[in-house]
Structure formats: C-alpha cells, structure tokens
Amino acid sequence: MSSESIHGYSDRISVSSGQRIRFMVSAEGVTSYRADIVRLIRGDTNPKGPGPKEELIETSISNEYPARFQPIYAGSHVLIEDPASLLNPSVAITLHAFIMPTTAGKGPQGILARWDPELRMGWAMVIDEQRQLALWIGDGHGHFLRVAAPTPLLDNVWYSAGASYDSATGRAIIDLRPLVNSVNSLIGPVAIVPAPATHETITERINFSAQSQMVIAGWASGSSATGATIVDGHYNGKIDRPRVYARALGAAEFDALATGREPGGGGPIARWDFANEIASSGIASDEVTDSSGNNLNGRCINMPARGMTGHNWTGRSEHFIHAPAEYGAIHFHDDDLEDAGWKSDFELEISDSMRSGVYAARLRIRDAIDYVPFFVRPVTARPTAKIAFLAPTASYMAYANEHMGIGAGIEAIIGRTAVVQQQDLYLYEHPELGRSTYDVHSDGSGVCYSSRLRPIPNMRPNYRHETGSLWGFAADLDLVGWLEARAYTYDVITDEDLHQEGAALLSSYKVVITGTHPEYYSSAMLDALETFLTAGGRLMYLGGNGFYWVTSYHPGKPHLIEVRKGEGGSRAWQARPGEYYHSTTGERGGVWRNRARPPQKLVGVGFAAQGFDYSSSYRRMPDSRDPDTRFIFEGVPDDELIGDFGLVGGGAAGHEVDRYDLSLGTPANARLIATSEGHSDSYQRVVEEILFTYPGTGGTQDPGVRADIVYFPTTGGGAVFSTGSIAWCGSLSHNNYDNNVSRITANVLDRFMVGDPLPSS
C-alpha cells in the first residue's frame, strides 16, 4: 500500500441551508491536500454498470490545505478531577476495587492510578506483566516500589483487589480474593480457584508524591495537540466500586471491603459507585460521581460499556434499572473510541443553492482520495418534493469500520472467496479507528456502541463489500442514480433526522423510499413510519433485512448509537447474560421480532435468509394479476422473469432477503405479487426461525428461503410496496435503466405520488 494516505470525518451527517458542518482531516506522506464539495450521484465502479458520477459544487472551501497527521487515542477510561490535590496523600494510601479482568496477560494495565510512567512517580494499582495484581509506588527520583500478589489473575473472574502502603513504616499489602458465585464469573463456585491471598511485606520507605491526573482503567501519559489527556496502560475488563483511602488498611479491613462493609477508622478520600448514575431511563451521563463528600467526580472517556453486571450480580434480575446495586460495573476496553478528537481543518455553511441530496467533501492527494459523505436535507417543515429518500444512516453507523472482510470464517458465510478492499486492509492495519457492532473487542466482548465522529473508510461511494458487491452507503447510491436518471425531484432525509423529529418530518411527503438495507431502527423511527402510513403516507421499502435490530440513539449524543445483540437474530456476537438492556435508554436489545414488532407488521415482509454467492430473480404470482396491483406491472410481460440481471450478484433477489408471513404480522390484505426462486444452499433460513437444527434449510430445499414482493394499502389511504431484497436497487441501472425492475419501481413511485386513493378491494 502507498505510504500516502488521507482520511477525514465531519461533525454532522445531516445539515440544511444556513447550518454549518466542520471537517476534520489527517494526511500522511504529503504536505498539502485538495478539498472540494461534490454531490454524489452514483458510486459503483463495476464495469458492467453506468459508472461513478459526481457533480462538483462551487463552494468557499474549494482550496489547497496544509496537510497534517492527527493521531487517534483509542481506549476507554475515567478521568478524575482533583483540583485540591486530595488524591495525593503524603504518608499512606489504600486502593481498592472489585475487578474482573478480561485480558490479564496482555501486559501492564492500570486499575487505579495517579502515575507518571516516564518519571515512575506517584501510585498505581495495576495488573503487571506476570498477570499479577501489583502496587507501584515511586517518588520520581529513582525510588520505585513494586509489590505483587503471589498468584496470577484469571480472566473473566471477579476479585476483590486491594493494595496499601505506609511510607512511615514501609509496610505494603496486596490483598486479592476471588469472589465467584454461580453466575457472576466465567467459572462457577465448584471450580478450583486460587485461595484468597494477603501478601504483606516491609519495603523501602518512599515519600511518594503524585502530580499526574488520576485515571481509572489506565494511567495518564501526556497531552494531545488539543489539550486532551493521553492515557496508556488501558485496562480490559470490569471495575466495580473503586475507592481510595489516605491511610494504610490492614488485612482485617480488606476483609471488610471484600464483603461489602466499610472498615472503621475513617472513610475514604474518594468512593465511586458507578451504579449511582443509573436512572429509570438508562445511563445517559458520562459522569462518575464521588460519594465520599469530596466531590472527586470523574468523566468517562471513549464510551466504556455501562449497565453491566457487577461482582455481586445474582442472576435474579436481568435489567440494571430493576437491580441497580448489582450493576455497579463499567466494562473498559483498550479499543473503545467515541470521538477521534481531531482539530477542524475547514468549515462549510450550507447555501440555499445546495439542493437536498447526497454530498461529500472530496479530499485529494497525489496517490489517494477520500470522501466524507454528508446529507443536505430541506429546512425543517419546508420540503422541496413529494418524494423523500430516507438514508439509513443508523445502519451505516452499525457497520462503520467492520472487520468481517478479512475475518476468519467470512468465506464460509459468503460461499466463495472474499474480495478484500483497500479500505479493509487499512482498517486491519489501523485498529485505532475503532470497531463496528459486527466486531468484538480485543477481549472478545461484543462492540455495543458505534460513533460517526471518526473516519469511516467503508462508508464511501466506491466501497465494495467483502462479498464483492456494493453494500450500505455505496449501494444506496444506485437508488440515487436511478432517481436522477429518471429525473425525479426528491429530498434526502436521514435516520438521525427521523429519530429526532419523528412523524412530523415525514408528514409533508407523499412517498418515502428506504435504502437497500435499513436494518437498524429505533423505536422512535418505527413509530414515525407507522404514523406516516396510517395518516395516508406511501412507503417503498426497496431493500432487505430491514427494521431488524433494536437501536438506541444516545439521548445527548446524536453521533452515537447502541446495539445489544441478544439471544436471537443473525449476530456476530451475543451479549453476556444480564446485559441485554441498552445502557443509554434502558430498553431491551435484540431483534424487533422478539419485542413483538416484526418487520412484517410494518412492511409486509421480514428477514428470511441470507446468501452471497449469487442473486436470483422473481417470478410473478397470481396476486400480480389482481385489479388492485395491475398498475405495478404496466409494460411488463406477464411471463417475464423479474430481475434476472443486476450488479449485485447478477440478479435482483439476493444477499439478504425478506419473506411474506401472515404468522408474523403480514397484513391479511397484502398481495404477494412476486417471489424469488433458484437460490443456492448458501442461502440458509435465518437462525431465529430454527428451533431445532436439521438438514434442508438451504435455498434448494426450504421454500421459506426466498424474497417476496408485496403490496398493500393501509388505513387512511396509505400504501406499502416492498421488494424484500438488498440486491433490488443493483438491478435498476441495467440496460441504461430500461428494464423491468426499473419499470416496476417507476410504476409504483408514479402511482404513489398521485393524491387519488389507491385501489383497495
């Protein structure tokens, strides 16, 4: 790969006239770069298609800019504010926390630290190179003390971990006690675990002093160009109820702490109970409050996982709101990332002349180019068209920087050799860009948060999925290109807009068109679409595997979504027991089907199967000849296969497909007008429909493995048209947009735009 590279991101994803959007850029191997604004029309580089197309927009930001490298500091932790330097006891100190390490062998990791690693100055309770709980004490002048527990830590086991030091006597204690019950650890109480150990020794008398900032789950190592604290020694695992004392506790007092009792002799300098932030609506704050009375409060950085089971979880309640005392843990990861934290390079004010559409900041250097996409929507309550393209930005975020393209097992899933893109390789080489909700952290736990405040190389107009076909944002440009080729006037709005504004955002539109894969949906978004349809709106669902995963937007951070993969659904990981509820909103995660809102209720079809070897075509069904549906097939011969062509697997029915199912809520008046055929056994029925494993669930044998095209009118004069396939829009451009997929889509859109009531017998 070239040593020259350029990447960027923006502070917003949806803007309208008069609003401003900032762009953050980092470049390597060059001294300058070129930035322009382009309107994106097509992105596909497939030689069988019409080719990429973009329109240069004259704006004030078109210019050459000085290049600079901007690093990313991944890893979650808590920074503690201590303006009065109370956390700098001069004579004695005790540190205690309940901990569950998840990668004890990865190297030194800070648990509680006010430590300068360069000067070896301050104090820290850590996991050291030998997987041992250790205490570090240093004065910055060459005097350094290390005391460690005699036994190594086990991963995924809860411990009471304590350390104390008295500089007047030189006495140091390390106290480590496993706290295993039937449910709180990977192992159970019948397993043999190291016995509780209190290691006491007399050491050098060091007059220690700490000057760096206190950190939970790491230690401070400097400041970034923006003035932010850089943290190293990131800890992987859970920490519960940490505290600091300005005196040296003994073995009996550690015994009290291990059993949840406060030892006599004076309270702690600081006592952080992470359960204090639990509210009835979730944990929407980054704050960590000190209950000692000294106001040594902290702030979570890079979004560690909240609402997590603690050391005392009994398994009797699975919701952190119902048993907050058992959810006092935060799960930290060394690869968490909420905000890349780069400085802004340029800022654009959206002018009235920029029509609603899909745009990008195009960043160019000699051997590299990057696009930073954004969406220009109409000013609130001032639509410019009858049609709205609803860009599935929540799904873009869920897949942001996913690593499946070069992951083990991907070829078994897609049924052929994976096609690795340059973006995939860059993400593999640069894990600091963060992960997607399809990845696991370095400790094997699932990634439940995803942010757009970072470069997202796989959300680009020219990105092709590991399947070799377009996916997500790039695939949705096939629809945008079709709207442009057919000269439709349309607005663009986003999931983020819909979540924040609800049904009011849709009320002025006659037709809303989805993207190819609107998989991730919040309850507010579902409610808005239901209201739109019952009020007479018309919806064209031109994708597959839509309205599937329960998704939460952080109530104070629109750039952040949360997804907990539950016990059902096609999932890359599964949340641990007791951790199915979203920390940001308090709602249960998983698939909407398991919360009694299967997509069939909304759009008539729902996820049925997936396969990535090739796509197939549809055959018309008897309902297609009904007088109510005749308009859909005007100009299409009765016996013609629909979509036996296309840029996504060679057909219009493929990748992920949805099926009509009355038992899951497909309306009784829905017309099944076409169904796909000829799928291979790489297409397997979705796991949530398989109660027992048995052969015969592939496309060659299982009639439920198919994509269905469904049409039905709704109350109030609305209607739904669903194609049930991610690949549908990849067939629109075939033969210069003159084909039956394009014709059917246009027939429906033209009829849906008319104000007259739709036929409904």
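The values are calculated or read from the model by the stated rules, or taken from the named source; none is laboratory data. Being a predicted model, the structure only gives us computed values, none of them experimental. Cβ atoms come from the backbone with ideal geometry, glycine included; neighbour counts cover every protein chain shown. Quick note on the areas: whole protein, heavy atoms, side chains included, nothing else; ligands and nucleic acids left out. Shrake-Rupley method; radii C 1.70, N 1.55, O 1.52, S 1.80 Å.
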Discussion item. Quick check: from the Cα gyration tensor, does the chain come out rounded (a/c under 1.5), prolate or oblate?
Written reply: prolate
Discussion item. Please report the carbon-and-sulfur percent of the accessible area for the range 1-77; probe 1.4 Å, protein heavy atoms only, DNA, RNA and ligands left out.
Written reply: 47 percent
Practice prompt. Work from the charge dipole of the chain (Cβ charges, +1 for Lys and Arg, -1 for Asp and Glu, about the Cα centre) and give the residue of PRO52, PRO194, TYR359 farthest towards its positive end.
Written response: TYR359
Worksheet item: Over the chain, what relative contact order in percent results from Cα pairs under 8 Å that are six or more residues apart?
Response: 13 percent
Practice prompt. Please work out the Cα center distance from the range 548-576 to the range 264-300, rounded to the nearest Å.
Written response: 26 Å
Worksheet, complete the sentence: With the charge dipole of the range 342-407 built from beta-carbon charges (+1 for Lys and Arg, -1 for Asp and Glu) about the Cα centre, the Cα from ALA394, ALA368, TRP342 projecting farthest to the positive end belongs to ALA394
Practice prompt. Treating cross-link reach as a plain straight distance, find the lysines whose alpha-carbon is under 23 Å from the alpha-carbon of LYS386, omitting any fewer than eight places away in the same chain.
Written response: LYS510
Worksheet item: Under a straight-distance cross-link criterion of Cα-Cα below 12 Å, which aspartates and glutamates are reachable from LYS106, leaving out those fewer than 8 residues away in the same chain?
Response: ASP128, GLU129, ASP155, ASP334, ASP443
Worksheet item: Once the dipole of the range 421-565 is set up with Lys and Arg at +1 and Asp and Glu at -1 on Cβ about the Cα centre, which of TYR488, PRO558, GLY546 lies farthest towards its positive end?
Response: TYR488
Fill in: Rounded to the nearest 20 debye, dipole of the range 22-100 from Cβ charges on Lys, Arg, Asp, Glu
280 debye
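Return a whole-number percent for the relative contact order of the range 253-342, with Cα pairs under 8 Å and 6 or more residues apart as the contact set. Intermediate values should be presented prior to the final figure.
Working: 123 pairs, mean separation 21.7, N = 90.
Across the range 253-342, relative contact order equals 24 percent.
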Discussion item. With a 1.4 Å probe and all protein chains kept in place, how much accessible area does ARG34 have, in Å² rounded to the nearest 10?
Written reply: 80 Å²
Discussion item. So, for the range 667-761, what is the accessible surface per residue at a probe of 1.4 Å, expressed in square angstrom?
Written reply: 38 Å²
Fill in: Neighbour net charge for ALA668 - beta-carbon separation under 13 angstrom, K R +1, D E -1
0
Worksheet item: What whole-number value in Å² describes the accessible area per residue of the range 608-661 for a 1.4 Å probe?
Response: 36 Å²
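Relative contact order for the range 514-631: what percent, with Cα pairs under 8 Å and sequence separation of 6 or more?
Value for the range 514-631: 21 percent.
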Worksheet item: Quick one: with all protein chains in place, what share of the accessible area of the range 586-662 is carbon or sulfur, to the nearest percent (1.4 Å probe)?
Response: 49 percent
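Mind checking the per residue accessible area of the range 228-354 for me, 1.4 Å probe, whole number of Å²?
Ligands and nucleic acids excluded, the result is 35 Å² per residue.
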Response to the item:
Among the range 86-118, those whose backbone N falls under 13 Å of a label point 7 Å along Cα→Cβ from ALA256 are none
Item to complete: Among DSSP beta bridges whose residues both lie in the chain, state the antiparallel percentage, nearest 5.
Response: 85 percent
Item to complete: Please give the net charge around ARG120, taking every other residue with its beta carbon less than 14 angstrom from that of ARG120, where Lys and Arg add +1 and Asp and Glu add -1.
Response: -4
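Can you flag which of LYS48/LYS601; LYS343/LYS557; LYS565/LYS601 are past 30 Å Cα-Cα?
From the list (LYS48/LYS601; LYS343/LYS557; LYS565/LYS601), the Cα-Cα distance tops 30 Å for LYS48/LYS601.
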Discussion item. About the Cα centre, and with charges only on the beta carbon of Lys, Arg (+1) and Asp, Glu (-1), how big is the dipole of the chain? Nearest 20 debye, please.
Written reply: 580 debye
Worksheet item: Taking K and R as +1 and D and E as -1, what net charge do the other residues with C-beta under 15 Å from the C-beta of GLY298 add up to?
Response: -2
Response to the item:
About its Cα centre, the range 432-504 carries a charge dipole, from +1 on Lys and Arg Cβ atoms and -1 on Asp and Glu Cβ atoms, whose size in debye to the nearest 20 is 240 debye
Worksheet item: Calculated from DSSP H runs of 4 or more alone, at -39500 (n - 2.57) each and per residue, what is the 222 nm mean residue ellipticity of the chain, nearest 500?
Response: -3000 deg cm²/dmol
Worksheet item: Of all accessible surface on the range 286-381 at a 1.4 Å probe, what whole percent is carbon and sulfur?
Response: 42 percent
Practice prompt. Take the alpha-carbon centre of the range 697-755, take the same for the range 587-630, and report the distance between them in whole Å.
Written response: 10 Å
